[in-house]
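The values are calculated or read from the model by the stated rules, or taken from the named source; none is laboratory data. Keep in mind that this is a model prediction, so the values were computed, not measured. Please note: Cβ atoms are built from the backbone with ideal geometry, for glycine as well, and neighbour counts cover all protein chains shown. The protein model used for the area step is the full one, side chains on, heavy atoms only, and it has no ligands, DNA or RNA in it. Shrake-Rupley method; radii C 1.70, N 1.55, O 1.52, S 1.80 Å.
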Amino acid sequence: MLELGDYKASANRLYYAIFSAMRAVLALDGFDSKKHSGIIARFRQSYIKTGILDTEMSKIIDDLEVIREDSDYDDFYIILKEDVEIQAKRAEYFVSEVESYLQNQYNQ
């Protein structure tokens, strides 16, 4: 999507990449929620506030959630390619950290 110039759709998919990563970790704990806010709150409580995962991940969640909401619901929202590229790197870091955590926990 990024290569095709669909920056709003790219931003949406970046948010859902990190959301899916959060949901995957919580599923292994036996937790799910019908609301995004429930997943985010539990993830922060269980993994970020406890120091298991980097506190920077909380900022990434905040930023990508706002960008996703703006790009999905604000007809006049404009996001630049450069901004999406920055967020893509942050989302990649987020997903990579979750993958590393899961590998350390379940591949022993």
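Summed over the range 84-98, residues that are open to solvent by 50 Å² or more (accessible area, probe 1.4 Å) and in contact (Cβ under 8 Å) with a residue 12 or more places away in the chain total 3.
Scanning the range 44-58 for residues that are surrounded by fewer than 17 Cβ atoms within 10 Å (Cβ to Cβ) and part of a loop (DSSP other than H, G, I, E, B) gives LYS49, THR50, GLY51, ILE52, ASP54, THR55.
The residues of the range 21-38 that are in a helix (DSSP H, G or I), surrounded by 14 or more Cβ atoms within 10 Å (Cβ to Cβ) and free of Cβ contacts under 8 Å to residues at least 24 places away in the same chain, listed by number, are ARG23, LEU26. Please go through the range 99-108 and pick out each residue that is open to solvent by 50 Å² or more (accessible area, probe 1.4 Å) and either among the aromatic types (Phe, Trp, Tyr) or touching a strand residue (DSSP E or B) at 6+ places or on another chain (Cβ under 6 Å) (or both). The one that is open to solvent by 50 Å² or more (accessible area, probe 1.4 Å) and either among the aromatic types (Phe, Trp, Tyr) or touching a strand residue (DSSP E or B) at 6+ places or on another chain (Cβ under 6 Å) (or both): TYR106. Flag: ILE61 matches the condition of being surrounded by 14 or more Cβ atoms within 10 Å (Cβ to Cβ) and either in contact (Cβ under 8 Å) with a residue 24 or more places away in the chain or over 26 Å from ASN107 (Cα atoms) (or both). Would you call ALA41 in contact (Cβ under 8 Å) with a residue 60 or more places away in the chain and open to solvent by less than 60 Å² (accessible area, probe 1.4 Å)? Answer is no for this residue.
The single condition among (1) of a type in the set (Gly, Ala, Ser); (2) touching a residue at least 60 places away in the same chain (Cβ under 8 Å); (3) under 20 Å from ALA24 (Cβ atoms) that SER71 does not meet is (3). If you go through the range 1-27 and keep only what is over 20 Å from ASP63 (Cβ atoms), at pLDDT 95 or above and not small (Gly, Ala, Ser), you end up with just LEU26.
Checked against (1) within 14 Å of the chain's Cα centre (by Cα); (2) under 21 Å from GLU3 (Cβ atoms), ILE79 passes all but condition (1).
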